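We did not get these values from a lab; they are worked out from the coordinates using the rules stated. What you see is a predicted model, and the numbers here were worked out from it, not measured in a lab. So basically every Cβ, Gly included, is an ideal-geometry build from the backbone, and we count neighbours across all protein chains shown.
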Amino acid sequence: MTSTAGVDTRILKAPHPVPGAPDNWKRFFSFNTDAKVIGIQYIVTALFFLLVGGLLAMIMRGELITPEADLVDRTVYNALYTMHGTIMLFLFIFPVLNGLNNLLIPCMIGAPDMAFPKLNAAAFWMVPVFGVILMASFLVPGGPASSGWWSYPPVSLQNPLGHLINGEALWILAVALSGISSIMGAVNFVTTILRMRAPGMTLGRMPIFCWTALSAQTIQLIGLPALTGGAVMLLFDLAVGTSFYRPEGGGDPVLYQHFFWFYSHPAVYVIILPVFGVFSELFPVYARKPLFGYPFVAGASLVIVGLSLIVWVHHMFPSGVPQWMRDVFMVTTMLIAVPTGIKVFAWLATLWGGKLRLNTAMLFALGGLFNFVFAGVTGIMLATVPVDIHVNNTYFVVGHFHYVIYGAATMGVYAAIYHWFPKFTGHMYYEGLGKLHFLLTFVGTNLNFFPMHPLGLMGMPRRVSSYDPEFAFWNVIASLGAFLLGVSIIPFLLNLVSSWVRGPKSPANPWKAIGLEWLLPSPPPAENFEDHVPTVISAPYGYGTGRPLVEHQDEIERALLKT
Amino acid sequence: MTSTPQRFPWPRLIGLALWLVLLTLFSLWMGAQVPRWLPVSASSAAPLVDGLFGFETAVATFVFVGVVSVMVWVVLFNRAEKYDISDAEPIEGNTALEITWTVIPLVLVMGIAFYTIQVNREIGLIGPMDHSHAPASASSAAGASMPGGEVQVIARQWSWEFRYPVAGVSSTELHMPIDRRLGLQLESEDVIHGFYVPAFRLKQQVIPGRSITLFITPTRAGRYRLRDSEYSGTWFAANQADVVVESEEAYQDWLRRASRLPLQPGLSEASREYAQQLSGDRPSGYATIAPAPPPLVNVPGSNTLPHDG
Amino acid sequence: MTISPPLDSTSSPQGPSPAGHSAEHANHSLTGFIIFLCSESVIFLAFFTGYAVLKLSALQWLPPGVEGLEWRSPLLYTVVLVSSSGTVALAERCLSKGQLWGFRAFWLLSMAMGAVFLYGQAIEWRSLSFGITSGSFGSCFYLLTGFHGLHVLSGILLMALMLQRSFRPANYAAGEQGVIATSLFWHFVDVIWVMLFLLLYAWS
């Protein structure tokens, strides 16, 4: 500890400001091209919108705590649930995952930065831009979009005031910008992974997180343009009066549903695949065992990509699709259970006989896995046509996907944030607050989303602003769970802020984890390994094998310790 | 590899077997609980759906509880000691296991899919078989061409209207005879709606520009809820109607009496609330499409009486 | 004090220095651009599928009073556009041989052919009796040709950029990834047009 103020001297040498260097918080508000800065920008922006979306959700649950539409007007409720879904998907979960991609991919593969740093920054800065557009739609006459995040025509084409600038148009604009930003990001991530790996980092030695990121971004590249095309036609129908979806001009409203779900079902895999990657990274670290069946776990991601593109019609079983289509898409949907099962069993086998350390990150990963398995079994039920016909568009579906997106994906994101927090901020987080956050989140999630399953089975449709009194019991419990989830954010934010400001300094590898990113100092310098990119000589996750990960690992580790 | 002969782990195996038996029994019990979670089953399709769902619930319980018991086991018994920073035994994979847990789920889900396709076929024969017709030129052709449909169901923002063209009756309450396959011709005048009666376990989007025939065989007399299941705008949640299933005689009697009644405005919760908003008795929010006026019908019926499901 | 780089005592023999990224980045750009083009093609695929679905399910596809599209002059412009792919290839060949003026000539010729195509498109749009709001057919026709036309325009602008770059001294000495990317884009636009022509004019 000879260098100034305990800061890695390479940070002070860096040509431009980097995370962890003293007194340059301004970089987070600038057009910075460092992937680590952009990663944190993404995550912080996403967490802000998590609060916004969560607030809307709590107003909704406040409305739904009683059967009558009494807290807010029905139009307001419809706008709230539309914006809740839109914000959570396009402004929380996608950006937060892109944040993780930015932080982790270059470090994990030994690249100095992303392939296109400026494109990267431009893709990020589009997020606040369309965030503002979406927020501004609350202020336009007529209010924000209120046709659900699916925006099915013809209901989304109804424009009560007839203005050219209306909530729906702004919504389409925001979603289109989000799509462009995501495609820019996807081009960048895929190119980076394909072309910028360190020597010896073959695809077969790549950490699973990079495999899942590669898979997820491939889905973005194939699926998003279809949604964009569909959205362009929707915008034309809305603003110009064309007849792509308008039945009166010969259009077909069901066509939109195909475009929409062709992307939006795979989008779920865009969300969950990186979280599978997080699980695959964390379980070996905290169980002190290698990942069980690495090639199978990596390959399963690619199988999921292929299958995810041929299942979309399972969202449309009641839309008047022919019977053969229902059967075919049911079978493809069922098949996804197989690669997913391979992953789940691989994680269980990794945990089995391990030496588990239950810190906050591991608890979130375990909790996420628990919720994911629950979502998985209800997913199989939804795949079977007759059951789906009954519960489609009911709260059963809402419960199912919130288990996926909050229970599994968001808890996986929390796990990732805790796990890599020391690496990228240079500070340890507080375990006590972290565990409190886990407890509240886990209880809140199950309290909030489990009751939706019985509600759906009883026949309560989703998106309702009022409901029959027989549904009241489970709705009260769900609302209490939602408020608990709201509370659970408090220890989380408290932990992030206080740890970053005054948490204990983190060593380079606080978890004794194996991976290129853990060879770097915490926080890593601007160009990561700079001129000394290590040569990878073995497969990842070599816990207990005694295999070094890179050539001359001892020298590197010793040199890094000296700082 | 070591000289000490490994003793066969009988206690572990017996414990595992016992646990599996318990798990199976619990899963079967869960599968049997299914009817308690669902509304009464009132159509010929409902028992098939419930049977499939019960089977799936048993399988799902087995998988979920099985996975969770492994997680609980490792959390309880595979914890590192407080100051133990050593690694566990490095097992990197096992191809036989991988094949096992690829093939078993594959067989399982294909089995479920096969069972489901059977159920699909059977429901198709007795239940819905939805035919989609070319865009109905206009709803003005009411009753002119009814390919298979005995009742014309017209969905609007936000009311349901049921027309019985042969008897010349219209209503905002759907009456159906018990134990007879009845064809409903679903049409929408504005946006996509969803025809959903939970007690029948059937659901079908009502798509503007198409005329879709849905066949239902009610099997239980009673009053059930029809809900709009596809988000249709401001008063989507209030777009509900009642379905009355009654004996053939009562049904015919109802038709006869109804045909003599004069036309009057039918039920429309949306119009009622909208009128309250216009008169200032109820706060309003963002701009909305005005509800279609309540349809003129012979029988408004009720949507406030207690319903069975 | 500065820390000693960890590996300098035992530097590995093969260690390719990743620090020299400026040379590598051009290569990345081409990879990235190809990935982008693949992605972009899905938008067209979506539009094509939409067109086919609407056409197949329509009772009355053409707007009232429209018999069919006149295909002869569009065919002429199609030939112009498709042959511009050839001139682009010739331009690239000149560039690889170092004949900068030959490159510029063929490049400019390709741009001109693209412009002729756009001109033909504009003429056709003005002569049509139906508009974008004339039912599904009108919507599809103008969307597809308009979206493709935008791509032709972007292609011409990209080519103009590359042409301007060719006047920088020694800029193309080591080959130019931008020219390769632009010509790829141009071929892409041409292939899309051939499909569009078949869909819109030939399929009736």
* To do: Would you mind classifying the range A:277-375 by shape? Square roots of the alpha carbon gyration tensor eigenvalues, ordered a ≥ b ≥ c; an a/c under 1.5 is rounded, otherwise it is prolate if a/b is larger than b/c and oblate if not.
  => prolate
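Go ahead and estimate [θ] at 222 nm for chain B from helices alone: -39,500 (n - 2.57) per DSSP H run with n ≥ 4, summed, over the residue count, rounded to 500.
Numbers: 5 runs with 115 residues, N = 309.
Dividing the helical sum by the residues of chain B leaves -13000 deg cm²/dmol.
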* Please compute the Cα-Cα pair-distance distribution of the range C:71-204 with 5 Å bins starting at 0, giving whole percents from short to long. => 2, 10, 20, 22, 15, 11, 8, 6, 4, 2, 0
* **Residue (of B:Ile289, B:Ile216, B:Thr102) at the positive-pole extreme of chain B, dipole from beta-carbon charges** => B:Ile216
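Per residue of B:270-281, what is the mean number of Cβ atoms on other protein chains within 10 angstrom of that residue's Cβ?
Values: counts 1, 0, 0, 4, 0, 0, 0, 3, 0, 0, 0, 0.
Mean inter-chain Cβ contacts per residue within 10 Å come to 1.
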* Asked: Hey, what's the Kirkwood Rh for the range A:29-206 if you take every pair of different alpha carbons, in angstrom?
  -> 17.6
* To do: Please name which of A:Leu71, A:Gly142, A:Leu157 has its Cα lying farthest along the dipole of the range A:29-206 towards the positive end, using unit charges on Cβ (Lys, Arg +1; Asp, Glu -1) and the Cα centre as origin.
  => A:Leu157
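Let me know the charge dipole size of chain B about its Cα centre in debye, to the nearest 20, where only the beta-carbon of Lys, Arg (+1) and Asp, Glu (-1) is charged.
Details: 22 positive and 28 negative charges, 91 e Å.
My answer is approximately 440 debye.
Hull surface divided by four, with the convex hull built on the Cα atoms of chain B: how many nm²?
With every direction weighted equally, the projected area is 25.9 nm².
Shielding by partners for B:31-37, please: the mean number of other protein chain Cβ atoms within 10 Å of each residue's Cβ. Intermediate results must be reported in sequence, preceding the final value.
Working: counts 0, 0, 0, 1, 0, 2, 5.
Mean shielding count: 1.
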* Mind pulling the angle between the C-alpha long axis of helix A:323-335 and the longest principal axis of chain A? Nearest 10 degrees, somewhere in 0 to 90. => 20
* To do: Between the alpha-carbon centers of the range C:39-118 and the range B:163-232, tell me the distance in whole angstrom.
  => 50
* Asked: How big is the equivalent ellipsoid of the range A:304-432 along its three axes, where each semi-axis is √(5λ) from the Cα gyration tensor, reported in whole Å from largest to smallest?
  -> 35, 16, 13
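Short version: what are the Cα gyration tensor semi-axes of the range B:131-297, square root of 5 times each eigenvalue, largest first, in whole Å?
Details: eigenvalues 134, 66, 50 Å².
Square roots of five times the eigenvalues give 26, 18, 16 Å.
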* Structure fact -> Once the in-chain neighbours fewer than 8 apart are removed, the lysines whose Cα is under 28 Å from B:Lys203 read none
* Please list the non-local residues whose amide H lies under 5 Å from the amide H of A:Met460, H modeled 1.01 Å from N, same-chain partners needing a gap of 5 or more. => A:Tyr395
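Take each of the peptides A:179-192, A:266-279, average the number of other beta-carbon atoms within 10 Å over its residues, and list them starting from the highest. Spell out each step's value before the answer.
Values: A:179-192: 24.3, A:266-279: 27.1.
Per-residue mean Cβ counts within 10 Å order the peptides as A:266-279, A:179-192.
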* Structure fact -> In degrees rounded to 10, the 0-90 angle between helix B:95-126 Cα long axis and the longest Cα principal axis of chain B is 20
* **Point-charge dipole on Cβ atoms (K/R +1, D/E -1) for the range A:29-206, about Cα centre, debye to 20** => 760
* To do: In debye, nearest 20, what is the charge dipole magnitude of chain A about its Cα centre with +1 on Lys and Arg Cβ and -1 on Asp and Glu Cβ, if you could check?
  => 1340
* If you look at just the Cα atoms of chain A, how large are its Rg and its Dmax in Å? -> 23.5, 77
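Could you sort the peptides B:271-277, B:241-247 by per-residue average Cβ neighbour count (10 Å cutoff), highest mean leading? Can you show the working numbers first?
Working: B:271-277: 17.1, B:241-247: 21.4.
Per-residue mean Cβ counts within 10 Å order the peptides as B:241-247, B:271-277.
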* Asked: Taking only Cα atoms, what is the 0 to 90° angle, nearest 10, from helix A:74-86's long axis to the longest principal axis of chain A?
  -> 30
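Got a sec? How would C:Tyr119, A:Tyr403 order by Cβ neighbour count within 10 Å, fewest to most? Don't jump to the answer; show the numbers that get you there.
On the way: C:Tyr119 12, A:Tyr403 28.
Final ranking by Cβ density, sparse to dense: C:Tyr119, A:Tyr403.
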* Calculated from backbone phi, Karplus (6.51, -1.76, 1.60) coupling profile of the range B:26-42 in Hz, x at Gly/Pro -> 4, 5, 4, 4, 4, x, 6, 7, 3, x, 6, 8, 9, x, 4, 9, 10
* Partner chain coverage, peptide A:70-83 - average Cβ within 10 angstrom -> 4
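Please sort by residue number the GluC sites (Glu not before Pro) in the range C:30-102 whose DSSP state is loop and whose Cβ has at most 14 other Cβ atoms within 10 Å.
Working: sites: C:Glu40, C:Glu67, C:Glu70, C:Glu92; in loops: C:Glu67, C:Glu70.
Sparse-neighbourhood loop GluC sites (Glu not before Pro): C:Glu67, C:Glu70.
I need the peptides C:147-158, B:72-83 ranked by packing, meaning the mean over residues of other C-beta atoms within 10 angstrom, with the highest value on top. Mind dumping the intermediate values first?
Details: C:147-158: 17.2, B:72-83: 12.3.
With the highest mean Cβ count within 10 Å placed first, the list reads C:147-158, B:72-83.
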* Structure fact -> For the range A:272-324, one quarter of the surface area of the C-alpha convex hull, expressed in nm², comes to 5.1
* When we measure straight from the Cα of C:Lys97, which aspartates and glutamates land under 16 angstrom away, once same-chain ones fewer than 8 places off are left out? -> C:Glu176
* Asked: Hey, if you put +1 on the Cβ of every Lys and Arg and -1 on every Asp and Glu Cβ in the range C:71-204, which of C:Val189, C:Ser127, C:Gly102 ends up farthest toward the positive end of that dipole?
  -> C:Gly102
* To do: Would you kindly derive the ³J(HN,Hα) couplings of the range A:268-273 from the backbone phi angles with the Karplus curve 6.51 cos²θ - 1.76 cosθ + 1.60 (θ = phi - 60°), listing them in order in whole Hz, with x for Gly and Pro?
  => 5, 6, 4, 7, 7, 4
* Asked: So how compact is the protein assembly as shown: Cα radius of gyration and Dmax in angstrom?
  -> 31.2, 104
* Taking A:Lys36 as the anchor, which lysines have their alpha carbon closer than 27 Å to its alpha carbon, excluding any fewer than eight residues away along the same chain? -> A:Lys13, A:Lys26, A:Lys118, A:Lys423, A:Lys435, A:Lys505, A:Lys512, A:Lys562
* Asked: What whole number of Å gives the distance from the Cα centroid of the range A:250-284 to the Cα centroid of the range A:431-501?
  -> 23
* Counting other C-beta atoms within 10 Å, which of A:Lys355, A:Lys512, C:Lys55, B:Lys203 has the fewest, and how do the rest follow? -> A:Lys512, C:Lys55, A:Lys355, B:Lys203
